[in-house]
1. With r as the distance between the Cβ atoms of M253 and W288 and R0 = 25 Å, compute the FRET efficiency 1/(1 + (r/R0)^6) and round to 0.05.
2. Under a no-solvent Debye model with one identical scatterer per Cα of the range 381-464, what's log10 I(q)/I(0) at q = 0.12, 0.15, 0.17, 0.27 Å⁻¹?
3. Which trypsin sites (Lys or Arg not before Pro) does the range 44-109 hold that lie in a coil by DSSP with at most 14 other beta carbons within 10 Å?
4. Please find the FRET efficiency linking H527 to N226, where r is the Cβ-Cβ separation and R0 is fixed at 35 Å, and quote it to the nearest 0.05.
5. State the percentage of accessible surface on the chain attributable to carbon and sulfur atoms; use a 1.4 Å probe and exclude ligands, DNA and RNA.
6. For D91, project a label point 7 Å along Cα to C-beta. Then give me every residue of the range 1-34 with its amide nitrogen under 13 Å of that point.
7. So how far apart, in nm, are the two label points at M56 and S472 if each is 7 Å from Cα heading toward Cβ?
8. How many angstrom lie between the Cα centre of the range 100-161 and the Cα centre of the range 300-333?
Amino acid sequence: MFPKSLRPLLPYLKRYRWGYFAGTLCVFLTNGILVLMPLVIGRAFNDLSHRDSSHMLLYAGLLLAIAVGKGIFQFLTRWIVIGISRDIEFDLRNDLFEHLESLSYSYYQRHRTGDIMARATNDLSAVRNLLGPAIMYTANTIVLMAGALAFMISISPKLTFYTFLPLPVASIVIQYWGRQIHDRFERIQAMFSDISARAQENFSGARLVRAYVQEEAEIRAFEAENKEYIRRSLKLVRLMGMLWPTLELTLGMAMVLVLWFGGREVLLGRIDVGHFTSFLLYMMQLLWPVIALGYVINLFQRGTASLGRLNEIMQEQPEIKDEPGAQEREIEGEIEFRGLNFSYNGARVLHDVNLRVPAGSSLAIVGPTGSGKTTLVNLVPRIYDAEPGMVLIDGRPIREYSVASLRRSIGFVPQETFLFSDRIRENIALGVSSATDAEIYDAAEAASIAADIESFPEGYDALVGERGITLSGGQKQRTAIARALIRNPRILILDDALSSVDTQTEDKILNHLRDVMQGRTTIFISHRVSTVRNADRIAVLHGGRVVELGTHDELLALNSYYSDLYNKQLLEEELAEV
Ligand code: ADP
């Protein structure tokens, strides 16, 4: 019996059932008091038509009491019901964020940030309006209608029949319009997502847009999308603009019928002036709720359209999660790729990779861009998932480890560093809430960023990003390395994490790292032979296959890709010295 489109809200509605119950009670009281008004006025009219003014003061007092009583309960209704809608919005927003956090990285590669933001803001408000005003006005309309109807029938069943004669027309209008509003609003929200995504990409890519002098072009493109958004919004406005008058017209038609037939009844003496007045007043009272119905349909349709959009996110399953039987396990650090094949959407990127990195050793990976290096290392902390049994840690398939324990044991420094708009201290201690100052300094020292940080006026308390200092690419990378080291990981993975620092700094960091990573496993990707030459073993990846594997000297002896790379870089260095 519960509308299917609203089903996702059921748990939330249940949570606040007592609040809604209190709200409903207030709705009954508000309208229960309100329906007395036409009765009092009707009485007064009857008295007046008999030239009796003795009770006028009493009627005035009653009307005042009705106004005050109704006002109080109306206030309470709003307070309770609108309050609940804010509470549910709060819960929904938390749940949405929690769910978004649980989704895998690949989700964010498939969806635009602006679109997600639009849903989390605009659509959430539309759902709130559904839970607050829409429910409140609907309850009001139903209760008032029922109350007024009872009195109207008791006054004259015949006139009541005329009142509701145009009702089928209204219901057809409502049905048709409702669907239209739903569809149009969905189209509006989709456009709003596009606009948000474009704006967000322009802010994130501010540097690029300026470097390529794309401001004008972007402004024009934005304007075009904005225009489309307005065009779609105006279509809805036009529809709404017609809905209200249509509803009013149907009520107006009813009023004409009642005046016509009711007037005759009065003249024939079958109904007295007071009762007829009361009847008309009930009709007037229904005017606003019926108009509100138009507004409610709008809110309801917007709300369900938006709920559908939010639900799309909520139904997204995290692709990477704990398998049944996965456990928290200690990790020693041996990594093995066993007959590993990997594809992105059917496009094979890695072919039959067989590699074993003994615990405590280091492996360097070199190879041309696009050869699959990043993909390979991403499979270890399960940023993407390889097929079961193809990636093993300590001889055990990685899916047997809980995702959290696996990732806790790995210090991962991706190619693109991301720092939060927070203090450097927090950026380094990310995810290690127990980190002491000394541990933060040590990690910074090991990543050769300590001296830089101490040169900032606020040192470790310096804010990074929008409201603080701007770090250079190399500083960011070293901060990211410190972040990986502070977790004291059994496995350290550096994906070209030193590309923005000069060779000397790189040597310094690597020397430090060798000490820090004693007895731990390190995998690092680099383009510089000087970086990789000291690794225990070096793998050359080409077209998704391991084509060379061995120590620096062994690979040089092969006289192939690695030795070419070595000779080329040696030549570059010599030329640089000239
Ligand atoms: P490398 O790190 O050696 O430059 P990558 O592992 O980044 O190589 O990429 C290997 C191949 O996989 C490339 O052809 C790239 O286009 C493709 N690729 C990388 N990431 C994705 C992804 N998320 N979706 C689809 N294809 C991808």
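The values are calculated or read from the model by the stated rules, or taken from the named source; none is laboratory data. What you are looking at is a predicted structure, and each value in this text was computed from that prediction instead of being measured. A quick note on method: Cβ atoms are made from the backbone with ideal geometry, for glycine too, and the neighbour counts reach across all protein chains shown. Quick note on the areas: whole protein, heavy atoms, side chains included, nothing else; ligands and nucleic acids left out. Shrake-Rupley method; radii C 1.70, N 1.55, O 1.52, S 1.80 Å.
1. Approximately 0.90, to the nearest 0.05.
2. For the requested q values the scattering log ratios are -0.50, -0.69, -0.80, -1.38.
3. Sites meeting the loop and neighbour criteria: R51.
4. Working: r = 43 Å, r/R0 = 1.24.
After rounding to 0.05, the efficiency reads 0.20.
5. On the way: 17540 of 30160 Å².
Within the chain, the accessible surface is 58 percent carbon and sulfur.
6. Within reach of a label on D91: 8-21.
7. 9.1
8. With the range 100-161 and the range 300-333 each reduced to a Cα centre, they are spaced 26 Å.
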